[in-house]
Amino acid sequence: MSARLLAYAVLAIVLAFLIGPFLVIVAAGLSAGESLAFPPQGLSLRWVAKVLSIESFRSSFALSMGLAVFGTLAALALGIPVAYALSRYRLPFAESIRTIVSAPIIVPGIIVGLALLRHFVVPLDIDVTLALYAAHTALVLPYAVRVVGASLENLRGDFEEAAVLLGASRLGAFVRVVLPNIRSGVLAAFVLGFVTSFNQVPVSLFLSGPGVRTLPIDMISYLENTYDPSVAALAALLALLSVAIVYLAERFLGFYRHV
Amino acid sequence: MFSSRSEGLALALPGALFAALVFLLPVGLLLAEGFRSESGWTIGAYVDFFESARNRTIFWRTLRLGALVTLAAAIIGYAAAFAIVSLGESARGRLVGLVILPLMISPVARTYAWIVILGRTGIVNRALEAIGLTDEPVRFLFTETAVFIGLLQLFLPLMILSLVSALENLPRDAIPAARVLGASWWQVFARVVLPLTREGLVIGGTLVFTGALTAFITPAILGGSKVLMLETLLYQRVTVANDFASASVIAMILIVMSFSANLLLRRLAAARRGARTGTIKARTLAAGTTR
Amino acid sequence: MSDASRGPTPDVPSSAGDARGGGPDGASAPMLALDGLTLAYGGSVAVEKLDLEVRRGELVALLGPSGCGKSTTLRAVAGLMKPASGTIALDGRDITRVPANRRDIGMIFQSYALFPHLGVFDNVAFGLRLRKTARETMTRTVREGLATVGLAGFEDRRPAELSGGQQQRVALARSLVMNPKLLLLDEPLSNLDARLRLEMRTELQRVQRETGLTMVFVTHDQSEALSLADRIVVMNDGAIEQIGSPEHIYRAPLTRFVAEFTGFENIFALRGDALETPSGPTALGETPDGEPAGLAWRPDGVSLGTGPFEGRIVGVTFAGATREYLLDSALGPIQAEADATDTPYAASETVRFDLPLRNAARLERM
């Protein structure tokens, strides 16, 4: 009885600490007042409207979206075969391949960004945007391999063998038998990759230029110069977007299961 | 299991090559920079780096904050994990979901919220003034405390997740048995719970520690240039002074730390299957969503 | 709810004062006394106003189906659960508010709960270490404890290496070395196979004889209770249905529940001198004295071959030493039993039978 109350109390405090700030930001962004403060003086959507109207945010939002979508798709295109190969074949250098493909998780993003800038973009005169796409793809690749890999592990190999014996080609067996069964894993990997890429900052720090900025980077420079509630509104919008995506993913995919 | 190795390699190669090319190669080159000078290979850059008192301060500060955040996360993490596990199976899924949720929100948003809360006109200061504890606003921002709080909030969910998984694997009657044998609650924790959840603690601790060491956004926003950590120092050296040598040294330090931690985690995960789920889960969520 | 039994059939020893368990020298304080104990989980009541006394050196069984409150009662006595009301007294001292780690009570869990991170020696020494026992004394005590349960030499093993029976003995040793006033056991024999069950039963009885330790154990298995206990407390739905010696419970159940639980198959409510049956009240030859609410017969209490009643055999089962018959009759379905060596009846055969009053258990409550 009192143990239960204690448990609730502890959780209330911890959850307040973890989620409270997010709620604060949302409230501050909806403020009708002039300055950034909590509790907000009145509620209004004016700062949200202001944020939505800023041109540079529109383009950086588009860039971030593009990176998230195409980067993740590319990561999946590269990663699913790797996951499949690791799970269904006895590969030489399997451990090395696994390490290489997982490396981006280990190395802090800012180092990747800097390295790409210094040894790719500048010397080879590669377009920064291209490097950005490559970086985001590399960033998401480990998730693609890992999450899809987990799904594949859960799927016994008998099914494909049965399909092949019934006349399907290897590719046909994959498309008809494997893909449908790992579908939710693939989708979960997509969502995870999307969110990761979209919220990513350090990798994109060095790989920006005139007109080439991801949304979080754009936000940070905006933050440094602006002190009104529009900043909070922006942060809140970004946060809400992530929450909405994950909520939908959980609802329709059982997202957490795969993560 | 299919036996055609070449087929398997053909499938795996594009992804692996891509990662190697886009990722390993440039990073490797960057690290190599740290050892080059006009006269060939030296460790001069490293010596120079550590000779600077400022650099050393930042190095130790990064380690210190990392350790403090990990310690705080362990204490709070155990409390929260116990609470979650004691509240029954049905609530558990939802509670864990709530704990994980912050990980999905952009670190920029999460960190920025602290500015609103800890700023001069923020909630904390206004509360303190209202109670009468202070006359003027206390400076919380751009202090180690602010960075500490920001990092703790960022990484606590990982520790909680890891400990919940560990507590779930505790033998059901171990705690009542220890109680009946005469153990006080502290003795139950120290002699039974801690030894049996040690792995979960190490996993969570490693994730939190590495996360705190390699965080960028939080120290950048909450610490600014007053409280530099290794990563923000790197950014500053490159953008302000074009000092790529230092950047390379810092990069090496960070990679070594992160890599060792990862190795430790892999070893632990291989040792026991139960830990694997927790490790994969926590690790997947850790990187990328919290930098 | 704690009925002393009354007016038993003549061949069962009298057991007046069973609830108090005092016997002729009831003056000595009981080892365990539960008074008006009420236990609840959140809103639902698991045990209501329980009164029970356990004598020094007794082996008492709490017997009942799942959910009857027996395990809950055990946990409350151990201190793992706080009572909603009522008191618990151990050897004269009120321990209702005393925390579980200071009650001087030992407990063996159904899962044995050996600490996986400690070896056998350290498991057994766990409580002694908490008491800061001197090393020499501790080592000696642990060794003796393991020897007592027949596990001498097992000090360096780990729990994972042990069989179920061995694990249980380690758990027993772990509790015994603490010299508790009372030992609680949760389903001690349920996880064991038949042979181990016999071994463990002998073990527990021996320990009890040698140490005079008071024990209370919980079980859902009536044969376990019958074979092990000095006294059985039959529980149902949070209350005590009947308390008595094993013989008593076996021969003279007081309620329908206890009768069903201990294997009485032919149970009828009584109205005056007639049994209530599906085809209406049926008179027995005699009138039972004491006006019981119902009567019950074991299958072997039904006499086949002669009698005022008639039934048709619908099922025959050979059970080794006996043959079991299911009859369809005006009284409803009847389960009877006969020696395997008697001439068997065949299915569909019609046979006469009787329900002799002297074989019946008188039920006070239906």
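As a length-normalised measure over Cα pairs under 8 Å and 6 or more apart, the relative contact order of chain A settles at 31 percent.
Taking the number of other C-beta atoms within 10 Å as the exposure measure, put C:THR87, C:THR73 in order starting with the fewest. All intermediate terms of the calculation are to be shown ahead of the outcome.
Working: C:THR87 14, C:THR73 29.
Ranking C:THR87, C:THR73 by Cβ neighbours within 10 Å, fewest first, gives C:THR87, C:THR73.
Here the contact order of segment B:120-258, divided by its residue count and restricted to Cα pairs under 8 Å and six or more residues apart, works out to 27 percent.
Computed from backbone phi, the HN-Hα couplings of segment A:199-208 come to 8, 5, 10, x, 4, 7, 4, 7, 9, 10 Hz, rounded to whole numbers (Karplus: 6.51 cos²θ - 1.76 cosθ + 1.60, θ = phi - 60°; Gly and Pro given as x).
Using a 10 Å cut-off around each Cβ, can you sort B:THR218, C:THR277, C:THR202 from fewest to most neighbouring Cβ atoms?
Values: B:THR218 30, C:THR277 15, C:THR202 11.
Going from sparsest to densest Cβ surroundings: C:THR202, C:THR277, B:THR218.
Each Lys and Arg Cβ is given +1 and each Asp and Glu Cβ -1; about its Cα centre, segment C:267-363 then shows a dipole of about 100 debye. For chain C, modelled as a GNM whose springs connect Cα atoms under 10 angstrom apart, the maximal fluctuation among C:ALA283, C:ALA78, C:ALA173 occurs at C:ALA283.
Classify the protein assembly as shown: rounded, prolate or oblate, from the alpha-carbon gyration tensor (a ≥ b ≥ c, eigenvalue square roots; a/c under 1.5 rounded; otherwise prolate if a/b is larger than b/c)? If you can, show how the numbers build up before the last one.
Numbers: a/c = 2.47, a/b = 2.12, b/c = 1.17.
Prolate, since a/c reaches 1.5 and a/b exceeds b/c.
When the Cα positions of A:VAL10, C:MET235, C:GLY305 are compared along the charge dipole of the protein assembly as shown, A:VAL10 comes out farthest toward the positive end, with charges on each C-beta of Lys, Arg, Asp and Glu. Computed from the Cβ-Cβ distance with R0 of 56 Å, the FRET efficiency linking C:HIS117 to C:ALA330 stands at 0.25. First select every other residue whose beta carbon is under 11 angstrom from the beta carbon of B:ASP173; then total the charges, Lys and Arg +1, Asp and Glu -1. Local net charge: +2. Placing unit charges on the Cβ atoms of the charged side chains and taking the dipole of the protein assembly as shown about its Cα centre, the candidate lying farthest along the positive direction among B:PHE259, B:SER52, A:ALA235 is B:SER52.
Taking other Cβ atoms within 10 Å as a rough exposure proxy, B:ARG198, C:ARG143 sort from fewest to most as B:ARG198, C:ARG143. Roughly speaking, what is the centre-to-centre gap between segment A:1-29 and segment B:27-96 when only Cα atoms are used, to the nearest Å? Using only Cα atoms to place each centre, the spacing works out to 26 Å. Over all Cα atoms in segment B:137-230, the spread is summed up by Rg and Dmax: 18.2, 55 Å.
Residues considered: A:SER44, A:SER96, A:SER197. Largest GNM mean-square fluctuation over chain A, using C-alpha springs under 10 Å, is found at A:SER96.
Among the lysines of the protein assembly as shown, pairs that are 8 or more positions apart or on different chains and have alpha carbons within less than 23 Å of each other number 6.
Applied to segment A:146-155, the Karplus parametrisation 6.51 cos²θ - 1.76 cosθ + 1.60 on θ = phi - 60° returns per-residue 3J(HN,Hα) values of 5, 5, 5, x, 4, 4, 5, 4, 6, 9 Hz, with x for Gly and Pro. Only DSSP H runs of four or more residues enter the estimate; each adds -39500 (n - 2.57), and after division by the residues of chain B the mean residue ellipticity at 222 nm equals -23500 deg cm²/dmol.
Which trypsin sites (Lys or Arg not before Pro) from segment A:114-209 combine a DSSP loop assignment with at most 15 other Cβ atoms within 10 Å?
On the way: sites: A:ARG118, A:ARG146, A:ARG156, A:ARG170, A:ARG176, A:ARG183; in loops: A:ARG156.
Those that pass, being in a loop and sparsely packed, are A:ARG156.
Of C:ASP35, C:ASP289, C:ASP328, the residue with the greatest mean-square motion in the GNM of chain C, using alpha carbon springs below 10 Å, is C:ASP289. Farthest toward the dipole's positive end in segment C:196-294, which of C:ALA269, C:GLY294, C:PRO253, given Cβ charges of +1 (Lys, Arg) and -1 (Asp, Glu) about the Cα centre? Result: C:PRO253.
Just how large is the dipole of segment C:299-348 about the Cα centre, in debye to the nearest 20, putting +1 at every Lys and Arg Cβ and -1 at every Asp and Glu Cβ?
Values: 2 positive and 7 negative charges, 25 e Å.
Dipole of segment C:299-348, to the nearest 20 debye: 120 debye.
Other residues lying with their Cβ under 13 Å from the Cβ of A:ALA168 contribute a combined charge of 0, Lys and Arg counting +1, Asp and Glu -1.
Give me the net charge for the shell around B:ASN55: Cβ to Cβ below 14 angstrom, other residues only, Lys and Arg +1, Asp and Glu -1. Once all neighbours under 14 Å are counted, the net charge is 0. If you take the Cα centroid of segment B:143-172 and the Cα centroid of segment C:213-287, the two points sit 55 Å apart.
Indicate the gyration tensor shape class of chain B (rounded, prolate or oblate), computed on the Cα atoms with a ≥ b ≥ c the square roots of the eigenvalues: a/c under 1.5 is rounded; otherwise a/b larger than b/c is prolate and the rest oblate. Oblate is the answer for chain B, as a/c is 1.5 or above yet b/c matches or exceeds a/b. Counting only DSSP beta bridges with both residues in chain C, what percent are antiparallel, rounded to the nearest 5? Roughly 75 percent of the DSSP beta bridges within chain C come out antiparallel. Around the amide H of C:PHE309, modelled in the peptide plane, lie the amide H atoms of C:PHE353, all under 5 Å away and 5 or more residues distant in sequence or on another chain.
Which value, in debye to the nearest 20, gives the size of the charge dipole of chain A about its Cα centre, when Lys and Arg are +1 and Asp and Glu are -1 at the Cβ?
Numbers: 16 positive and 13 negative charges, 123 e Å.
Result for chain A is approximately 600 debye, rounded to the nearest 20.
Sequence-ordered 3J(HN,Hα) estimates for segment A:103-113 from the Karplus curve with 6.51, -1.76 and 1.60 and θ = phi - 60° stand at 3, x, 6, 7, 8, x, x, 5, 5, 4, x Hz, glycine and proline given as x.
Projecting the alpha carbon convex hull of chain A along each direction and taking the average yields 19.4 nm². So what is the 222 nm mean residue ellipticity for chain C from helices alone, if each DSSP H run of at least 4 adds -39500 (n - 2.57) and you divide by all residues, rounding to the nearest 500 deg cm²/dmol? Using -39500 (n - 2.57) per qualifying helix, the result is -7000 deg cm²/dmol. For the protein assembly as shown, the share of DSSP beta bridges that are antiparallel, to the nearest 5, is 75%.
Per-residue ellipticity at 222 nm from helix content only, as computed over chain A with -39500 (n - 2.57) for each DSSP H run of at least four residues, stands at -24500 deg cm²/dmol. Average projected area of the Cα convex hull of segment B:13-99, in nm²? Across all orientations, segment B:13-99 yields a mean hull projection of 10.9 nm². Taking a ≥ b ≥ c as the square roots of the eigenvalues of the Cα gyration tensor, an a/c ratio of 1.5 or more together with a/b no larger than b/c marks segment C:112-161 as oblate.
Read-outs: derived from the displayed coordinates by stated rules, not from any lab. In this text the structure is predicted, and so the values were computed from the model without any measurement. Don't worry about glycine lacking a Cβ; one is built from the backbone with ideal geometry, like all the others, and counts go over all protein chains shown.
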